[in-house]
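Presented below is the structure to which this report refers.
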Amino acid sequence: MQTIVINKNDQGQRLDSFIKKTYPKISLSLLYRYIRTKRIKVNGKKCGLNYRLSLGDKIESYINDELLVKKTATTDFLLAPDKLDVVFEDENILVVNKPVGLVVHDDESQNVDTLTNRVQHYLSNKGEWDYQNENSFVPSLVHRLDRNTGGLVITAKNAESLKILNQKIKDREIDKYYLCQVYGIIDPKQGTLHDYLTRNTKTKIVTVTKKPISDISEQIITEYKTLNHVNNISTLEIKLITGKTHQIRAHMAFIGHPLVGEKKYTTATFSKLNVGQFQSLIANRLVFSFKSDTGILNYLKNKSFKI
(Lines give C-alpha, C1' and ligand atoms only; values in the text may rest on other atoms or scores of the structure.)
Protein backbone atom coordinates (compact mmCIF):
# COMPACT_ATOMS: atom_id res chain seq x y z
CA MET A 1 0.00 0.00 0.00
CA GLN A 2 1.18 3.51 -0.82
CA THR A 3 -0.15 6.80 0.51
CA ILE A 4 0.10 10.19 -1.20
CA VAL A 5 -0.80 13.42 0.58
CA ILE A 6 -2.19 16.07 -1.74
CA ASN A 7 -0.30 19.37 -1.68
CA LYS A 8 -1.32 22.79 -3.01
CA ASN A 9 -0.09 22.04 -6.53
CA ASP A 10 -2.13 18.83 -6.74
CA GLN A 11 -5.44 20.12 -5.40
CA GLY A 12 -8.29 20.64 -7.83
CA GLN A 13 -7.32 17.74 -10.10
CA ARG A 14 -9.68 14.86 -10.79
CA LEU A 15 -8.80 11.70 -8.89
CA ASP A 16 -8.55 9.54 -12.03
CA SER A 17 -6.37 12.10 -13.87
CA PHE A 18 -4.02 12.44 -10.91
CA ILE A 19 -3.61 8.68 -10.45
CA LYS A 20 -2.98 8.08 -14.16
CA LYS A 21 -0.35 10.84 -14.20
CA THR A 22 1.29 9.63 -10.98
CA TYR A 23 1.28 5.90 -11.77
CA PRO A 24 1.57 5.62 -15.58
CA LYS A 25 1.80 1.80 -15.47
CA ILE A 26 -1.85 1.55 -14.40
CA SER A 27 -4.09 1.19 -17.45
CA LEU A 28 -7.34 3.13 -17.59
CA SER A 29 -9.43 -0.02 -17.31
CA LEU A 30 -7.54 -1.14 -14.20
CA LEU A 31 -7.70 2.35 -12.75
CA TYR A 32 -11.48 2.48 -13.04
CA ARG A 33 -11.78 -1.00 -11.53
CA TYR A 34 -9.48 -0.16 -8.61
CA ILE A 35 -11.46 2.98 -7.78
CA ARG A 36 -14.78 1.14 -8.11
CA THR A 37 -13.62 -1.74 -5.87
CA LYS A 38 -12.08 0.58 -3.25
CA ARG A 39 -8.50 -0.51 -3.89
CA ILE A 40 -7.89 3.21 -4.35
CA LYS A 41 -9.42 5.30 -1.57
CA VAL A 42 -9.36 8.94 -0.54
CA ASN A 43 -9.25 9.59 3.19
CA GLY A 44 -10.17 5.94 3.79
CA LYS A 45 -13.37 6.15 1.72
CA LYS A 46 -14.52 5.23 -1.76
CA CYS A 47 -14.62 8.17 -4.18
CA GLY A 48 -15.93 8.66 -7.68
CA LEU A 49 -13.65 8.98 -10.71
CA ASN A 50 -14.40 12.69 -11.00
CA TYR A 51 -13.71 13.52 -7.35
CA ARG A 52 -11.75 16.77 -7.13
CA LEU A 53 -8.75 16.48 -4.82
CA SER A 54 -8.44 18.88 -1.89
CA LEU A 55 -5.39 20.05 0.04
CA GLY A 56 -4.41 17.42 2.61
CA ASP A 57 -6.39 14.56 1.07
CA LYS A 58 -4.75 11.16 1.53
CA ILE A 59 -4.87 8.77 -1.41
CA GLU A 60 -4.35 5.17 -0.38
CA SER A 61 -3.56 2.64 -3.11
CA TYR A 62 -3.89 -1.10 -2.32
CA ILE A 63 -2.30 -2.30 -5.56
CA ASN A 64 0.55 -4.58 -6.56
CA ASP A 65 3.89 -2.88 -6.10
CA GLU A 66 4.91 -3.34 -9.74
CA LEU A 67 2.09 -0.99 -10.76
CA LEU A 68 2.81 1.60 -8.09
CA VAL A 69 5.85 2.94 -9.89
CA LYS A 70 5.84 6.70 -10.11
CA LYS A 71 6.89 8.50 -13.25
CA THR A 72 10.63 9.12 -12.97
CA ALA A 73 11.40 12.82 -12.64
CA THR A 74 14.11 13.92 -15.04
CA THR A 75 16.96 15.97 -13.61
CA ASP A 76 18.27 17.22 -16.96
CA PHE A 77 17.39 20.75 -15.86
CA LEU A 78 20.28 20.60 -13.38
CA LEU A 79 22.67 20.53 -16.35
CA ALA A 80 21.40 23.90 -17.61
CA PRO A 81 22.65 27.24 -16.24
CA ASP A 82 20.61 28.65 -13.36
CA LYS A 83 21.16 32.32 -14.20
CA LEU A 84 18.22 34.33 -15.53
CA ASP A 85 17.57 37.93 -16.53
CA VAL A 86 14.64 38.41 -14.14
CA VAL A 87 12.28 41.29 -14.95
CA PHE A 88 9.66 40.51 -12.28
CA GLU A 89 9.18 37.82 -9.67
CA ASP A 90 6.85 37.06 -6.78
CA GLU A 91 5.45 33.92 -5.16
CA ASN A 92 3.22 33.14 -8.16
CA ILE A 93 4.94 34.15 -11.39
CA LEU A 94 8.35 34.80 -12.89
CA VAL A 95 8.88 37.10 -15.90
CA VAL A 96 12.25 36.77 -17.59
CA ASN A 97 14.02 38.28 -20.57
CA LYS A 98 14.92 35.34 -22.82
CA PRO A 99 18.19 35.81 -24.72
CA VAL A 100 18.25 35.49 -28.49
CA GLY A 101 19.42 32.03 -29.60
CA LEU A 102 18.00 30.10 -26.64
CA VAL A 103 15.18 27.60 -27.23
CA VAL A 104 12.31 27.61 -24.76
CA HIS A 105 11.63 23.83 -24.77
CA ASP A 106 13.47 20.66 -25.73
CA ASP A 107 13.77 20.22 -29.50
CA GLU A 108 15.28 17.70 -31.88
CA SER A 109 18.80 18.83 -30.92
CA GLN A 110 18.32 17.30 -27.43
CA ASN A 111 20.18 20.29 -25.96
CA VAL A 112 19.49 20.48 -22.21
CA ASP A 113 20.16 24.23 -22.18
CA THR A 114 16.61 25.50 -22.65
CA LEU A 115 14.75 28.35 -21.01
CA THR A 116 12.44 25.84 -19.29
CA ASN A 117 15.40 23.99 -17.77
CA ARG A 118 17.09 27.24 -16.70
CA VAL A 119 13.89 28.34 -14.95
CA GLN A 120 13.48 25.00 -13.18
CA HIS A 121 17.14 25.00 -12.09
CA TYR A 122 16.79 28.58 -10.83
CA LEU A 123 13.64 27.83 -8.79
CA SER A 124 15.09 24.57 -7.48
CA ASN A 125 18.20 26.37 -6.21
CA LYS A 126 16.01 28.98 -4.51
CA GLY A 127 14.08 26.24 -2.73
CA GLU A 128 10.80 27.29 -4.36
CA TRP A 129 10.37 24.04 -6.30
CA ASP A 130 11.17 20.76 -4.58
CA TYR A 131 11.22 18.46 -7.59
CA GLN A 132 11.92 15.38 -5.45
CA ASN A 133 8.76 15.79 -3.39
CA GLU A 134 6.31 17.22 -5.91
CA ASN A 135 3.74 14.69 -7.07
CA SER A 136 2.96 16.16 -10.47
CA PHE A 137 3.69 19.89 -10.84
CA VAL A 138 6.66 21.47 -12.60
CA PRO A 139 7.14 25.24 -13.12
CA SER A 140 5.95 25.90 -16.66
CA LEU A 141 6.17 28.61 -19.30
CA VAL A 142 2.72 29.86 -20.31
CA HIS A 143 3.76 30.99 -23.79
CA ARG A 144 6.79 30.66 -26.03
CA LEU A 145 9.15 32.58 -28.28
CA ASP A 146 11.11 31.31 -31.26
CA ARG A 147 14.78 30.47 -30.68
CA ASN A 148 15.96 33.59 -32.50
CA THR A 149 13.47 35.95 -30.84
CA GLY A 150 14.47 37.49 -27.53
CA GLY A 151 12.25 39.07 -24.92
CA LEU A 152 9.69 38.60 -22.20
CA VAL A 153 8.37 35.18 -21.19
CA ILE A 154 6.07 34.32 -18.26
CA THR A 155 6.51 31.27 -16.03
CA ALA A 156 3.90 30.01 -13.56
CA LYS A 157 5.47 28.99 -10.24
CA ASN A 158 2.48 27.01 -8.96
CA ALA A 159 -0.40 25.00 -10.40
CA GLU A 160 -3.12 27.54 -9.62
CA SER A 161 -1.22 30.33 -11.39
CA LEU A 162 -0.58 28.07 -14.38
CA LYS A 163 -4.28 27.27 -14.71
CA ILE A 164 -5.26 30.95 -14.53
CA LEU A 165 -2.59 32.15 -16.96
CA ASN A 166 -3.32 29.42 -19.50
CA GLN A 167 -6.95 30.50 -19.52
CA LYS A 168 -6.01 34.19 -19.85
CA ILE A 169 -3.75 33.39 -22.81
CA LYS A 170 -6.63 31.45 -24.39
CA ASP A 171 -9.04 34.33 -23.73
CA ARG A 172 -6.51 36.85 -25.15
CA GLU A 173 -6.32 38.78 -21.88
CA ILE A 174 -2.53 38.99 -21.87
CA ASP A 175 -1.37 41.42 -24.57
CA LYS A 176 2.01 40.72 -26.17
CA TYR A 177 3.89 43.52 -27.94
CA TYR A 178 7.00 43.28 -30.10
CA LEU A 179 9.48 45.62 -31.71
CA CYS A 180 10.86 44.75 -35.12
CA GLN A 181 12.57 46.28 -38.12
CA VAL A 182 11.29 45.61 -41.63
CA TYR A 183 12.33 46.64 -45.11
CA GLY A 184 10.40 49.44 -46.82
CA ILE A 185 7.64 51.83 -45.88
CA ILE A 186 4.31 50.22 -44.98
CA ASP A 187 1.23 52.00 -46.26
CA PRO A 188 -0.86 52.72 -44.24
CA LYS A 189 1.55 53.41 -41.39
CA GLN A 190 -0.59 51.44 -38.97
CA GLY A 191 -3.31 48.88 -39.29
CA THR A 192 -4.54 45.37 -38.60
CA LEU A 193 -3.74 42.42 -40.87
CA HIS A 194 -6.25 39.56 -41.19
CA ASP A 195 -5.02 36.48 -43.07
CA TYR A 196 -4.55 32.70 -42.71
CA LEU A 197 -1.54 30.64 -41.70
CA THR A 198 -0.88 27.00 -42.58
CA ARG A 199 1.98 25.07 -40.94
CA ASN A 200 3.87 22.30 -42.67
CA THR A 201 4.69 19.86 -39.87
CA LYS A 202 7.48 18.24 -41.88
CA THR A 203 9.38 21.34 -42.97
CA LYS A 204 8.23 23.43 -39.97
CA ILE A 205 7.65 26.32 -42.35
CA VAL A 206 4.39 28.25 -42.39
CA THR A 207 2.53 29.73 -45.35
CA VAL A 208 0.36 32.85 -45.17
CA THR A 209 -2.60 33.27 -47.53
CA LYS A 210 -5.62 35.55 -47.85
CA LYS A 211 -7.97 32.56 -47.61
CA PRO A 212 -7.61 29.19 -45.85
CA ILE A 213 -5.95 26.59 -48.07
CA SER A 214 -6.76 23.51 -45.96
CA ASP A 215 -8.67 22.42 -42.88
CA ILE A 216 -5.54 23.09 -40.78
CA SER A 217 -5.29 26.73 -41.84
CA GLU A 218 -5.70 29.11 -38.90
CA GLN A 219 -6.71 32.74 -38.93
CA ILE A 220 -3.99 35.16 -37.87
CA ILE A 221 -4.50 38.77 -36.77
CA THR A 222 -1.55 41.12 -36.43
CA GLU A 223 -1.70 44.79 -35.43
CA TYR A 224 1.20 47.03 -36.42
CA LYS A 225 2.22 50.66 -35.95
CA THR A 226 5.17 52.38 -37.64
CA LEU A 227 7.38 54.15 -35.10
CA ASN A 228 10.03 55.53 -37.48
CA HIS A 229 11.64 55.04 -40.88
CA VAL A 230 15.34 55.43 -41.74
CA ASN A 231 17.21 54.37 -44.89
CA ASN A 232 14.40 52.15 -46.22
CA ILE A 233 14.05 50.37 -42.87
CA SER A 234 10.93 50.85 -40.73
CA THR A 235 10.73 50.19 -37.00
CA LEU A 236 7.36 48.76 -36.02
CA GLU A 237 5.48 48.01 -32.85
CA ILE A 238 3.54 44.77 -33.29
CA LYS A 239 0.65 43.55 -31.15
CA LEU A 240 -0.27 39.92 -31.62
CA ILE A 241 -4.01 39.31 -31.46
CA THR A 242 -3.42 35.68 -32.32
CA GLY A 243 -0.14 33.99 -31.46
CA LYS A 244 0.70 31.36 -34.06
CA THR A 245 4.02 29.81 -35.06
CA HIS A 246 6.31 32.32 -36.84
CA GLN A 247 3.32 34.68 -37.19
CA ILE A 248 5.14 38.03 -37.22
CA ARG A 249 7.98 36.85 -39.44
CA ALA A 250 5.71 35.20 -42.00
CA HIS A 251 3.00 37.88 -41.93
CA MET A 252 5.41 40.76 -42.55
CA ALA A 253 7.05 38.86 -45.42
CA PHE A 254 3.61 38.09 -46.86
CA ILE A 255 2.79 41.80 -47.21
CA GLY A 256 6.17 42.47 -48.82
CA HIS A 257 8.05 43.83 -45.80
CA PRO A 258 10.23 41.01 -44.40
CA LEU A 259 12.12 41.47 -41.16
CA VAL A 260 15.68 42.70 -41.29
CA GLY A 261 17.93 39.69 -40.74
CA GLU A 262 15.15 37.21 -41.61
CA LYS A 263 16.28 34.22 -43.67
CA LYS A 264 13.38 31.76 -43.66
CA TYR A 265 10.61 34.16 -44.66
CA THR A 266 11.97 36.76 -47.02
CA THR A 267 12.05 37.64 -50.71
CA ALA A 268 14.77 37.45 -53.32
CA THR A 269 15.03 41.24 -53.25
CA PHE A 270 16.04 41.32 -49.58
CA SER A 271 17.61 37.90 -48.96
CA LYS A 272 21.07 39.07 -50.04
CA LEU A 273 20.87 41.88 -47.46
CA ASN A 274 20.12 39.54 -44.54
CA VAL A 275 23.64 38.58 -43.63
CA GLY A 276 23.25 38.93 -39.85
CA GLN A 277 22.77 35.97 -37.50
CA PHE A 278 19.28 36.79 -36.20
CA GLN A 279 16.14 38.55 -37.33
CA SER A 280 15.36 41.98 -35.87
CA LEU A 281 12.55 41.02 -33.48
CA ILE A 282 12.10 41.30 -29.73
CA ALA A 283 9.14 40.73 -27.39
CA ASN A 284 9.49 43.94 -25.42
CA ARG A 285 6.19 44.42 -23.54
CA LEU A 286 3.48 42.43 -21.75
CA VAL A 287 0.18 43.83 -20.47
CA PHE A 288 -2.12 41.84 -18.15
CA SER A 289 -5.46 43.10 -19.49
CA PHE A 290 -7.61 40.86 -17.26
CA LYS A 291 -11.34 41.43 -17.73
CA SER A 292 -12.57 39.45 -14.73
CA ASP A 293 -11.52 38.36 -11.26
CA THR A 294 -8.48 36.09 -11.39
CA GLY A 295 -8.18 34.83 -7.82
CA ILE A 296 -4.60 34.81 -6.56
CA LEU A 297 -3.42 36.77 -9.62
CA ASN A 298 -5.98 39.56 -9.39
CA TYR A 299 -3.21 41.98 -8.31
CA LEU A 300 -1.71 41.69 -11.80
CA LYS A 301 -4.74 43.26 -13.49
CA ASN A 302 -3.59 46.14 -15.75
CA LYS A 303 0.03 45.56 -14.72
CA SER A 304 2.61 45.72 -17.52
CA PHE A 305 6.27 44.81 -17.97
CA LYS A 306 8.66 46.29 -20.50
CA ILE A 307 12.30 45.93 -21.55
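Descriptive notes on the structure:
- Sorting the segments 158-165, 98-105 by their mean number of nearby beta carbons within 10 angstrom, highest to lowest, gives 158-165, 98-105.
- Descending semi-axes in Å of region 136-201, equivalent ellipsoid built from Cα gyration tensor: 30, 14, 14
- Amide H contacts under 5 Å for Ile174: Ser289, restricted to partners 5 or more places along the chain or on a different chain, H placed in the peptide plane at 1.01 Å from N.
- Pairs from Lys83/Lys126; Lys168/Lys303; Lys8/Lys301; Lys202/Lys264; Lys70/Lys157; Lys8/Lys163 whose Cα-Cα separation, in the structure shown, is over 19 Å: Lys8/Lys301; Lys70/Lys157
- The value of relative contact order for region 220-307, using C-alpha pairs under 8 Å at least six residues apart, is 17 percent.
- Overall shape of the chain was characterised from the C-alpha gyration tensor. The equivalent ellipsoid obtained from it has semi-axes of 43, 20, 19 Å, in decreasing order.
- Percent carbon-and-sulfur accessible area, the chain, ignoring ligands, DNA and RNA, probe 1.4 Å: 49 percent
- Counting only Cβ charges, +1 for Lys and Arg and -1 for Asp and Glu, the dipole size of the chain around its Cα centre is about 860 debye.
- Cα-only Debye scattering, region 10-64: base-10 log of I(q)/I(0) at q = 0.15, 0.17, 0.29 Å⁻¹: -0.34, -0.44, -1.37
- Amide H partners (placed H, <5 Å) of Asn148, local residues excluded: Gly101
- Listed values for region 45-52 are Karplus-derived 3J(HN,Hα) couplings in whole Hz (6.51 cos²θ - 1.76 cosθ + 1.60, θ = phi - 60°), namely 10, 6, 10, x, 4, 8, 4, 8, and x replaces Gly and Pro.
- A simple charge model with +1 on the Cβ of Lys and Arg, -1 on the Cβ of Asp and Glu and nothing else charged puts the dipole of region 159-307 at about 240 debye relative to its Cα centre.
- Cα-based shape type of region 1-118, given that a ≥ b ≥ c are square roots of the gyration tensor eigenvalues and the cut on a/c is 1.5: prolate
- Label positions at Arg33 and Asn125, each projected 7 Å from the Cα along the C-beta direction, are separated by 4.9 nm.
- Extended-chain gain in nm, criterion 0.36 nm per residue less alpha-carbon gap, Asn298 and Thr235: 19.3 nm
- With all projection directions averaged, the alpha carbon convex hull of region 68-122 covers 5.2 nm².
- In this structure, Asn228 and Lys291 have a Cβ-Cβ separation that, at R0 = 25 Å, corresponds to a calculated FRET efficiency of about 0.15.
- Projecting the Cα positions of Ser217, Thr267, Ala253 onto the charge dipole of the chain (unit charges on Cβ atoms of Lys, Arg, Asp and Glu, taken about the Cα centre) puts Ser217 furthest along the positive direction.
The values are calculated or read from the model by the stated rules, or taken from the named source; none is laboratory data. As the structure is a computational prediction, the values presented were derived from the model and not from experiment. Cβ atoms come from the backbone with ideal geometry, glycine included; neighbour counts cover every protein chain shown. We work out accessible area using only protein heavy atoms, side chains counted, and drop any ligands, DNA or RNA first. Shrake-Rupley method; radii C 1.70, N 1.55, O 1.52, S 1.80 Å.
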